[in-house]
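A quick write-up on the structure given underneath.
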Amino acid sequence: MIHPERDDWARQLTALRQQMAELAASLDASGEFPWRNIDHLRAGGWLSLAVPPSCGGAGASLAQLQQVIAAIAWGEPATALIVCMQYLHHLRLAENDVWHA
């Protein structure tokens, strides 16, 4: 699973940039939703980075999440916007302790 504290974090971000760039031109031309990118991010564990460890996520810091968003945006900006919104919602939910388990 992807985790920002692993020694190969920089390599993981570089691979993510390249993966996102592969479909960028076709997504720009078609205007389609980046389903394949989202599926790749989900399968790789990238979408749960902002989720607290107590809920099964990595509990990444805001700085680490920014690094991921920057890597995704370098490759495919529309996907980065989607993931950024998800991360922000996860962070906001995590700071509110009135939600029932």
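The values are calculated or read from the model by the stated rules, or taken from the named source; none is laboratory data. For clarity, every value in this text was computed on a predicted model and none was experimentally measured. Every residue, glycine among them, receives a Cβ derived from its backbone with ideal geometry; neighbour counts consider all protein chains shown. The protein model used for the area step is the full one, side chains on, heavy atoms only, and it has no ligands, DNA or RNA in it. Shrake-Rupley method; radii C 1.70, N 1.55, O 1.52, S 1.80 Å.
Quick look at the numbers
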read-out	value
Residue count, the stretch 69-101 (criterion: closer than 21 Å to ALA21 by Cβ and in a loop (DSSP other than H, G, I, E, B))	1
Subset of the stretch 40-76 that is among the hydrophobic types (A, V, I, L, M, F, W, C) and open to solvent by 70 Å² or more (accessible area, probe 1.4 Å) - its residue that is farthest from ARG92 (Cα to Cα)	TRP74
Residue among GLN18, GLN66, GLN12 that is in contact (Cβ under 8 Å) with a residue 24 or more places away in the chain, at negative phi and part of a helix (DSSP H, G or I)	GLN18
Those residues of the stretch 21-39 which are surrounded by 13 or more Cβ atoms within 10 Å (Cβ to Cβ), in contact with a Leu (Cβ under 9 Å, 6 or more places away or on another chain) and not in a helix (DSSP H, G or I), in sequence order	PRO34
Residue check, LEU81 at pLDDT 95 or above and open to solvent by 70 Å² or more (accessible area, probe 1.4 Å)	yes
